[in-house]
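Colleague: Take this structure first; my questions come after.
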Amino acid sequence: MSQASISVRQAWWRNPWRKPRFLQALTWGYLAWSIMPVLIAVAFSFNAGRSRSAWQGFSFRWWVGDPTAAESLLYRPDLRTAMFQTVRLGVLTMLLAVPLGTLFAIGIDRWRGRGPGLANFTMLLSFVVPEIIVGVSLFLAFTFLLKFVTLGTTAQILGLVTYQMSYPVIVVRARLLSIGKEYEEAAMDLGAAPTQSVRRVLLPLLYPAIFASAVLVFADSIDDFITVRYLSSTASSEPLSVKIYDSARAAPPPSVNAAATFMLVVTLVAITIGFIVYRRVTRGERVEAAREFVGFQV
């Protein structure tokens, strides 16, 4: 090897700004390894035959197939019930967890003394503790202590709200720290009452964080398995995640793939809508930040 080649190679290794080709290859390999099984499952939900290993043509048979056969996602009774239960749990959890988490975040931010630290720790504990412990604990509580709460949809919603409320608390508190208290203080200096400053000034500034946390809660509730499985009662209260798990242990038809694809599509649509709305809501802030950066550079 010539001296010139050695010098070029040494210069390449010493250059800290060289393209990280190894990291790029590792990242793309990880993405391919993670996404490929999902794409295969999605593809076989459109398979014309029953095989889950051999492609037999494109068809919507397992989505909206023959009603008399009751094999498709739309006409198979247990999957159709689970599909509606999944969406219902996601929507109700979002409608309850996000307002409660927002109020909790504002309360902790306004609280003085040692109480806020303990309350914040208690709230985040459900986020740190493994979900299986939360699910078992809630099951035992509803079964032996709070017997007036029946297992099923009610217990599932209470369990999901308990577990999911940490998302809006974290997101909204981060937004509160970035906003500061100047806007509320300015509103009260202009004659607004404390409640008016919160309702007319603070909440509009928190809308991006509230919406982002709503998307997170809905998407995570759609995919939840452990909590809803422990707190379900009859088959009518089991969402798609539980049905998919129970069917995977046997020889499930491709309609189960269609159910998994439905969950994936709903999650991706929710995240996409949330991202678009968040970008539109925060567009003014990003433009203002860009102007300040340009002015600072000049």
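Colleague: Net charge near residue 232, counting Lys/Arg +1 and Asp/Glu -1 over other residues with Cβ under 12 Å of its Cβ?
Modeller: Working: positive: 229, 243; negative: 224, 238, 246.
Computed value for this residue: -1.
Colleague: Over the Cα atoms of segment 80-289, what radius of gyration and what Dmax do you get, in Å?
Modeller: 19.7, 69
Colleague: Pop out the ³J(HN,Hα) list for segment 157-166 in order, Karplus 6.51 cos²θ - 1.76 cosθ + 1.60 with θ = phi - 60°, rounded to Hz; leave Gly and Pro as x.
Modeller: 5, 4, x, 5, 5, 4, 7, 8, 5, 5
Colleague: First measure r as the distance between the Cβ atoms of residue 186 and residue 103, then evaluate 1/(1 + (r/R0)^6) with R0 = 35 Å and state the FRET efficiency to the nearest 0.05. Intermediate results must be reported in sequence, preceding the final value.
Modeller: Working: r = 23 Å, r/R0 = 0.65.
Working from the Cβ atoms, E equals 0.95.
Colleague: Here's a follow-up. Can you give me the Cα centroid spacing of segment 78-110 and segment 185-247 in angstrom?
Modeller: Taking the Cα centre of segment 185-247 as reference, the centre of segment 78-110 is 5 Å away.
Colleague: Read phi for every residue in segment 233-246 and hand back ³J(HN,Hα) as whole Hz from Karplus 6.51 cos²θ - 1.76 cosθ + 1.60, θ = phi - 60°, with x for Gly and Pro.
Modeller: 10, 8, 5, 5, 9, 8, x, 5, 4, 6, 5, 5, 5, 5
Colleague: Can you give me the pair-distance distribution of segment 142-240, C-alpha pairs, 10 Å bins, whole percents?
Modeller: 15, 31, 23, 18, 11, 2
Colleague: Here's another thing I want to ask about it. What is the ratio of the Cα radius of gyration of segment 73-187 to 2.2 N^0.38 Å, where N is its residue count, to two decimals? Intermediate results must be reported in sequence, preceding the final value.
Modeller: Values: Rg = 17.7 Å, N = 115, 2.2 N^0.38 = 13.4 Å.
Taking N as the residue count of segment 73-187, the ratio is 1.33.
Colleague: Got the relative contact order for segment 83-192 handy, in percent, Cα pairs under 8 Å and 6 or more residues apart? Spell out each step's value before the answer.
Modeller: On the way: 63 pairs, mean separation 48.1, N = 110.
Once divided by the residue count of segment 83-192, the mean separation gives 44 percent.
Colleague: Still on this structure: Give me the extension gain from residue 54 to residue 23: residue separation times 0.36 nm, minus the current Cα-Cα distance, reported in nm with one decimal.
Modeller: Numbers: separation 31, 0.36 × 31 = 11.16 nm, distance 3.46 nm.
That pair, residue 54 and residue 23, stretches by 7.7 nm at full extension.
Colleague: Label points 7 Å out from Cα along the Cβ direction at residue 146 and residue 91: separation in nm?
Modeller: So the two model labels end up 2.4 nm from each other.
Only the coordinates and a few stated rules stand behind these numbers; no lab work does. Here the structure is a predicted model, which means the values were calculated and not measured. When we count neighbours, we look across all protein chains shown, and the Cβ atoms used for this are built from the backbone with ideal geometry, even at glycine.
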